[in-house]
Amino acid sequence: MNYPEGFATMYRACFGADAWERIQDLASSPPHRGIRLLARDRAPAASSAVRSALRQAVPWETGAYELPAGLQAGADPFHAAGLYYLQEPSAMAPVSALAPQPGELVLDLCAAPGGKTVQIGDRLGTAGILVANEIDPGRAGVLTENIERTGTMATVTNLSPARLAAAFPGSFDAVLVDAPCSGEGMFRKEPAAVDQWNVGLVAACADTQLEILSTAAAMVRPGGRMVYSTCTFNPIEDECVCIEFLSRAADWELCPLELPGSAAGLSATELERAAREWPPLAGRTDALRAASQVPTGHCARYLPGGADVEGHFVALFQRRKSSAPPSSAPEGAPRSIPDGHRRNAKARGEPARDPGSSPRLADAWRGFAHDALRRAPCPPGAELLAQGARLYCAPPGPAGASGVLRPGLPLISNRHRHVVPEHALAIALRCADARRPLRLAYGDPRILAYLRGEEIEATAEESERLTDGWTLICIEDASLGWGKLSGGCIKNHYPRGLRRPYRFVWPH
Ligand code: SAM
C-alpha cells in the first residue's frame, strides 16, 4: 500500500519515526478482526466452533476477542442467531469509555452500520432506552438490519443531529458521537480510503465533526456524559476538535480516560512538533497549538502496531451538574422522553395508539403472546404501538415523528389478514421464553436446512410435544426464527432476505 505523502508527513510528525516504521511494516498484512460475544451467549456454549477457537481476549471490552485468521465466524449458525458481532477491536473502545449503565437513556448519534449500537444495547439489555440515529437513509437500513439480527432493543431514527436536538434538549444520560472522519484507521481495511484522503478532506471533516459534537452536547442532561470518537489519527480531527468544542462549551469538561492498550492523546510537546513539521493548512496551526491544552491522559488513541488494532481515537466529556436545565422542545417537535419515565419500571401493555387497525393488532398480540410465549421481551415503561401493519413494543421516545424508522421492537405484523410474529421478536427471545420451542442440538442438520429457507420435519415425539402452531426454532438455548408446525412439517418463516445457501462444517 502506498500511503499518501501528506499522511506520511503527518504521521511521522505526530507519532515519531518508530511508529511510522511500524505502520509501514503492517501495511501489507491483513487487517485485524475482532468478535464480541453478546451477553446472552457468555454462558458456556462449549460446542460452538467459534467459541472454542477464541484465545486472545480484548482487554478493554468484556466478552470480546481477537478473531483468529481464517475463522469464518459469520458462517456459524450462532451468528445467524445473533450471538456474535464481528467488530474490529479498537472500534469497541468508544463504548467501553462511555460505559452505558442499565436504566440509562443513551443516544448513538452517528450509528450505522451499528457495531457500537449493538454494543450499547448489549450492555443495557431491556433496562434503559437506546436511540440509534443515522443521517444517511441507505445506511440507516443497514443499521436496522444489524439491530434486528442481534435482537437489540433500540429505537432507530433517520434524522439530522439538529432535528434530534430540537426534540431531545438535555435529555440523555450518555451520548456517543462516533463521527464521520477521514478514515486513516481504515486504510488497511478499505483501500478506497487511501485514495480519498487529502488535507482538504481532513479540514472538512474537522468542521463537520465540531458541528456534530456541539449539536450532540445540547442533548446531554446536566451531569451526563458524551464520548467523541473517530477512526482517524490526525490531531486536526481529534485533539483539535475536542479543544475547539471545549472553548465554546463552558459547562463541559474533558475526563481522564484509562483504556487498556491505548496510547494517551498527544502531549503538548508532540503537538508543538506536529504544528512545526506538518503545516497542513493555514489557520489550522493555531488549532494544533491550542490543542496542546489537552491534559495528558485525557484522550486515548489506538495506533496500529501498539495494540493489535487498526486504530481509533476516543475522548470522554462530562457536562457539569450545575449547567442550565434544558429548554423544552419546540411546538410540533417529536415528543421527548418524559423525565423519570424509565424509572416507572412497569410495562404498561396499553392498547396501541393508532385508532384504526391497532386495537385489533394489540388484541392479536395478546392472543399470540398468551398462546406462544412464557415471557414477552417488552422493557419496563414500553407501550404497544402500531406503525403501518406492524405492532411494536416501543419505549418512550420520538414515536410517531417522521424519520422514525423503528419505534422499538417489532412484535407482530398483519400480512394479508394473517398475524405473523416478527423475526426481530424471535431473536429477542431466549428459547425458554417460548411455550413450544423446537430446541435443536448444535450440529443438527435441520439448522442449516432452516437457514436455507427449507421446510423441516419434526420427529413424532417433537410433533406430539409441540402441537400444531407457531414454534420458536432454537439452536441450544439461542433462538433462530419462527416456524409453523402442521402435521409433522415445519413451514419455514425465516426471512427471505436472510436465507442463504448455508454450508458449514460442524465441529466433531
Ligand atoms: N458508529 C458506527 C458503527 O460503530 O458502526 C460507525 C459510524 S461512521 C464512523 C459515521 C456515520 O456518521 C456514518 O454512518 C455517516 O453516514 C454519518 N454521518 C455523516 N455525516 C454526518 C452528519 N453531518 N451528521 C451526522 N452523521 C453523519
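Quick one: in the range 179-195, of everything that is within 28 Å of Gln318 (Cα to Cα) and surrounded by 24 or more Cβ atoms within 10 Å (Cβ to Cβ), which residue is nearest to the chain's Cα centre (by Cα)?
Per the criteria, the residue is Ala179.
Report the residue count in the range 464-473 for those that are at pLDDT below 95, out of contact with any Leu (no Cβ under 6 Å at 6 or more places or on another chain) and either closer than 24 Å to Ala75 by Cα or outside any strand (DSSP E or B) (or both).
Adding up the residues that qualify gives 3.
Evaluate the following for Ile35: is it of a type in the set (Val, Ile, Thr), more than 26 Å from Gly265 (Cβ to Cβ) and modelled with pLDDT of 90 or more?
yes
Answer yes or no: is there a residue in the range 452-466 that is crowded, with 17+ Cβ neighbours inside 10 Å, free of Cβ contacts under 8 Å to residues at least 60 places away in the same chain and among the basic types (Lys, Arg).
No, every residue in the range 452-466 fails to be crowded, with 17+ Cβ neighbours inside 10 Å, free of Cβ contacts under 8 Å to residues at least 60 places away in the same chain and among the basic types (Lys, Arg).
Hey, could you check the range 81-118 for residues that are part of a strand (DSSP E or B) and among the hydroxyl-bearing types (Ser, Thr, Tyr) and say which is farthest from Asp173 (Cα to Cα)?
Ranking the candidates gives Tyr84 first.
Considering only residues that are part of a helix (DSSP H, G or I) and more than 15 Å from the chain's Cα centre (by Cα), look in the range 122-164 and name the one that is nearest to the ligand (Cβ to nearest atom).
Checking each candidate, the answer is Pro161.
Tell me which residues, restricted to the range 173-220, are more than 11 Å from the ligand (Cβ to nearest atom), over 16 Å from Phe233 (Cα atoms) and of a type in the set (Gly, Ala, Ser).
Once the filter is applied, which keeps residues that are more than 11 Å from the ligand (Cβ to nearest atom), over 16 Å from Phe233 (Cα atoms) and of a type in the set (Gly, Ala, Ser), the range 173-220 yields Ala174, Ala192, Ser214, Ala217, Ala218.
Is there a residue in the range 486-499 that is outside any helix (DSSP H, G or I) and aliphatic (A, V, I, L, M)?
Yes.
Could you grab me the full set of residues in the range 402-426 that are assigned to a strand (DSSP E or B) and in contact with a strand residue (DSSP E or B) (Cβ under 6 Å, 6 or more places away or on another chain)?
Hits for the range 402-426 are Val404, Leu405, Arg406, Leu409, Pro410, Leu411, Ile412, Ser413, Val419, Val420, Pro421.
Answer yes or no: is there a residue in the range 18-29 that is away from the ligand (no atom under 13 Å from the Cβ), surrounded by 21 or more Cβ atoms within 10 Å (Cβ to Cβ) and farther than 29 Å from Arg406 by Cβ.
yes
Take Val106 and tell me if it is within 16 Å of the ligand (Cβ to nearest atom), aliphatic (A, V, I, L, M) and closer than 24 Å to Trp482 by Cβ.
It is false that Val106 is within 16 Å of the ligand (Cβ to nearest atom), aliphatic (A, V, I, L, M) and closer than 24 Å to Trp482 by Cβ.
The values are calculated or read from the model by the stated rules, or taken from the named source; none is laboratory data. As the structure is a prediction and not an experimental result, all values here were calculated from the model. Quick reminder, even Gly has a Cβ in these numbers, built from the backbone with ideal geometry, and neighbours come from all protein chains shown.
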